[in-house]
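Written below as structure tokens is the structure these notes are about.
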Amino acid sequence: MNGARIVAVVRGAQALATVVLLGKAVTGVEAGAAGEVVLWVAVGVWATMMAEMVVRASLGAVRALRRRGAHGGAAAGEDGSLPGAVALHSPVAGRWRAYNSPADKVPSHGTRYLAQTYSIDIVRTPEEPSGRTLRWWPPFPPNRDFPAFGAPVLAPAAGRVVTVAGSAHRDHRARNTVPGLAYLVVFEQLVRSVGAGSGIGTIVGNHLVLELEDGSYALFAHLRRGSTTVREGDVVRAGQQLAECGNSGNSTEPHLHFQLMDGPDPRRAEGVPFTWRGIGVPRNGTDFTATPAGTGEDDGRPADDSAADRSVSGRRPPAG
């Protein structure tokens, strides 16, 4: 089964539908029907976008069955780690919360696309979390309202920088409210689907790839625009700051998307399981506190005695 060919056919249908409907709009419709045609253009593109998502999910399921023996279908250990996981330091310091964790599900983001099989999203939490739920206002909160925005992103091990794409994408406002999520699903995802061929930046935003000493590659996504402190080819040490956490690309709020891969290009690589020293792999909705590498302290510890078992309800996980 050639997945790329199938997806290409779906995207071709999407482009054809858009051209045909727009052509109808400019060549033969009455003025009063222009709004109706525009609506059908949106519906046509949305339908083909949904078809692409279904195709990708189906292909991902087939590939998952084929690779099921990769880790023997083994469940995560007590600390959330999978067999064969690469041990690293935490890429952040302070108190954070995990979402879309491979400790709970593989592939963690529901897809192996862009080597996301064992990826994780982490959100900075204040020392006294408010436990806020999904809200309505303001519809697009500013990034300064989120403690993750501007937080240092650290090298989890010594390595070499192979990719820096740190300035192409703006840090858009958050989409984690009811109207914000509606805008993300109905309009923004449609635009991203149409422009998917322009590169992975529409999904991962500003990002950085680090080649680690063991031969694996770490990807850091949704970085703050212009915050990278390294260049391609630089050799870095564990704990060194690489950039800052941002809200670029396909992201509902400022957070860090982290993953390991077996190659430098996520479009061609496969995901690799990881574990963070002293932390393991935190499960969905649990808090953890990490300290930087080289501090002489434990590399991580639970945020409190019940953090590893506490699930935070009412808050939607960040996209990406």
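Structure above, values below:
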read-out: Residues listed by number, segment 258-272, amide nitrogen under 18 Å from ASP214 label point at 7 Å toward C-beta; value: 258-264, 270-272
read-out: Calculated FRET value between VAL235 and ASP79, using beta carbons and R₀ = 25 Å, to 0.05; value: 0.25
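Bear in mind that the values in this text are calculations on the coordinates, not laboratory data. Quantities reported herein were computed from a predicted structural model and do not represent experimental measurements. As a convention, Cβ positions derive from the backbone with ideal geometry for all residues, glycine included, and neighbour counts pool all protein chains shown.
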